[in-house]
1. Tell me, which residue of region 206-251 that is more than 29 Å from Asp144 (Cβ to Cβ) and aliphatic (A, V, I, L, M) is most open to solvent (accessible area, probe 1.4 Å)?
2. Could you grab the pairs with beta carbons closer than 7 Å, sequence gap of 6+ or different chains, first residue in region 17-28 and touching a residue at least 60 places away in the same chain (Cβ under 8 Å), second one among the polar types (S, T, N, Q) and open to solvent by less than 10 Å² (accessible area, probe 1.4 Å)?
3. Can you pull out every residue in region 134-168 that is of a type in the set (Ser, Thr, Tyr), open to solvent by less than 10 Å² (accessible area, probe 1.4 Å) and either under 15 Å from the mean Cα position of the chain (by Cα) or under 22 Å from Ala82 (Cα atoms) (or both)?
4. Give Leu108, Leu131 a once-over and let me know the one that is within 23 Å of Gly27 (Cα to Cα), open to solvent by 20 Å² or more (accessible area, probe 1.4 Å), part of a helix (DSSP H, G or I) and touching a helix residue (DSSP H, G or I) at 6+ places or on another chain (Cβ under 6 Å).
5. So in region 137-152, with the set limited to residues that are touching a helix residue (DSSP H, G or I) at 6+ places or on another chain (Cβ under 6 Å) and aliphatic (A, V, I, L, M), which one is farthest from Val181 (Cα to Cα)?
6. May I ask you to verify whether Gly42 is open to solvent by 40 Å² or more (accessible area, probe 1.4 Å) and at positive phi?
7. Quick check on region 202-211. Is at least one of its residues under 14 Å from the mean Cα position of the chain (by Cα) and either under 21 Å from Leu115 (Cα atoms) or in a loop (DSSP other than H, G, I, E, B) (or both)?
8. What pairs come out if I take residues in region 187-204 that are under 20 Å from Ser227 (Cβ atoms) and pair them with residues that are part of a strand (DSSP E or B) and among the polar types (S, T, N, Q) whose C-beta lies under 9 Å away, six or more apart or interchain?
Amino acid sequence: MPQLIPKDFVADRALLQGRTILITGAGSGLGRALAIEAARAGATVILSGRNSAKLERVYDEIEALGAPQPAIAVLDLALATAVEYDALARTIGTEFGKLDGLVHAAGLLGDRTPLEQYDVPTWCRVLHVNLTAPFILTQVLLPDLRKSADASIIFVSSGVVKQARPFWGAYAVSKAGLESVRALLFEELEGEANIRINSVNPGRMRTAMRAAAYPAEDPNTVPTPESVTGSFLYLLSERGRGIDGQFIDAQ
């Protein structure tokens, strides 16, 4: 990976001041960690996810920090309709006037089985949540992102895109597809200097998804989601200007 971001970058409390950032999957795992750290760095965070109770807990954690008041946008990416996507975009435009950052942190692991045995409904669900939904959400939010003087879109990627890994099924295919979406958007928005698009592979993290993928692994040997947020915060900030169309390893 090119050394685009300083190693072990740590955000200060004013790094994201004045920025409005939407994070999907904000109820747990990486999404939760990013939401809290972005808020700590001064951002107004829009917490998106399917579980309102989890989002409310993250909301309370952010308020306890004395950070800018967050917002909650309940959206089940597996079931959301065009009406719900459009309503979210209109609400952001009305309430915030613009969107400065969009992080696609929501995702499903699916089955760890051979393709020959892969459950087709599970395949369709994973592809929809991990690939189709981020495409739709980016598409409907582009007008709000264009209103920002410095907008950053980040797709959460994975090491599985670097080489084929047997038994990773729909998850691997969805992440490879996201890399194509990122590359296409980079080319298609090349003339719009105020919008940059990157993907970040957070690497090993102590999350429920990781535990499901590696049930025999000792979670205490795995980095926490909070420890890998630096690259994301850097890209969401003014310091990330000039980094565009890249795949970046956070670790």
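1. Among them, the one singled out is Ala216.
2. From region 17-28, the pairs are Leu22/Ser48; Ile23/Ser48; Thr24/Ser48; Ala26/Ser48.
3. At the first step, the residues of region 134-168 found to be of a type in the set (Ser, Thr, Tyr) are 138, 148, 152, 157-158.
If we keep only those that are open to solvent by less than 10 Å² (accessible area, probe 1.4 Å) too, we end up with 138, 148, 152, 157.
Thr138, Ser152, Ser157 - these are the residues of region 134-168 that are of a type in the set (Ser, Thr, Tyr), open to solvent by less than 10 Å² (accessible area, probe 1.4 Å) and either under 15 Å from the mean Cα position of the chain (by Cα) or under 22 Å from Ala82 (Cα atoms) (or both).
4. Leu131 is the lone residue from the list that is within 23 Å of Gly27 (Cα to Cα), open to solvent by 20 Å² or more (accessible area, probe 1.4 Å), part of a helix (DSSP H, G or I) and touching a helix residue (DSSP H, G or I) at 6+ places or on another chain (Cβ under 6 Å).
5. Selected residue: Ala151.
6. Values: open to solvent by 40 Å² or more (accessible area, probe 1.4 Å): no; at positive phi: yes.
No: the conditions fail for Gly42.
7. Narrowing region 202-211 to residues under 14 Å from the mean Cα position of the chain (by Cα): 202-203.
Keeping just the survivors that are either under 21 Å from Leu115 (Cα atoms) or in a loop (DSSP other than H, G, I, E, B) (or both) gives 202-203.
Scanning region 202-211, I find at least one residue that is under 14 Å from the mean Cα position of the chain (by Cα) and either under 21 Å from Leu115 (Cα atoms) or in a loop (DSSP other than H, G, I, E, B) (or both), so the answer is yes.
8. These pairs meet every condition: Asn198/Ser152.
The values are calculated or read from the model by the stated rules, or taken from the named source; none is laboratory data. Not measured: the values here are computed from a predicted model. For neighbour counting, all protein chains shown are included, and Cβ atoms are generated from backbone atoms with ideal geometry for every residue, glycine included. Keep in mind that these areas ignore ligands, DNA and RNA; they rest on the heavy atoms of the full protein, side chains included. Shrake-Rupley method; radii C 1.70, N 1.55, O 1.52, S 1.80 Å.
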